[in-house]
């Protein structure tokens, strides 16, 4: 049993890289990966420039109230550096949280394109394109909110001496792997009509496979900026996982008939 679960975990881990290969070898799929990247770069660049322009004006206004003494000039420089670092960290944070929300509709379209490419058809939800985009955006917003809430609770464990930090080191990677598996298999599972609780059951019933996939995706999420470049590969890999698992599980039933 442990050997089987190890194989399933490894297989799940590899799905991410299979998704990456799929994206970069099919031009028709790559365009879906490029669109959210361009949109997010524009959003983050706009925020970064606007924030620092406002900071520059604020700095000039505050520090012209004083004299030209060296300590006043030094204070202005320290303030400018501090605000620049704050804007940098804010931009990186936004690239993770806002990036997931903005990329959601594009990843949903990408997952549908992958399914169509591999199977010749795609599950029809009966929705218009606008309804699909709105549903994906709403789901991503809700998932990000839940993710940040639970992540905050896990971080709070570190306030408990020794035991809390130990729990955090164990629970946080598991939580990240689960969330990433839920996120990027969710596009295909949504088209199969699975509700929130049903999707959780699906993942937990195939825990070694799905946690392996989630672990691979989670590792890329630890690298700011790079994670967003590879996010479409996760959407493609998660869809591939669902399609192949579905085929494997329906084959024995078809043989019995």
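The values are calculated or read from the model by the stated rules, or taken from the named source; none is laboratory data. Quantities reported herein were computed from a predicted structural model and do not represent experimental measurements. Note that we place each Cβ from the backbone using ideal geometry, even for glycine, and neighbour counts take in every protein chain shown.
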**Prompt:** Taking the condition within 21 Å of the chain's Cα centre (by Cα) and either under 26 Å from residue 220 (Cβ atoms) or at pLDDT below 75 (or both), does residue 85 pass?
**Reply:** no
**Asked** Got a number for residues in the range 12-28 being at pLDDT 80 or above and over 19 Å from residue 182 (Cα atoms)?
**Response** 5
**Message:** So, restricting to helices (runs of 4 or more DSSP H) that lie completely within the range 140-257, which ones have at least 2 residues that are under 14 Å from the mean Cα position of the chain (by Cα), at negative phi and modelled with pLDDT of 90 or more?
**Reply:** 163-191, 207-221, 226-256
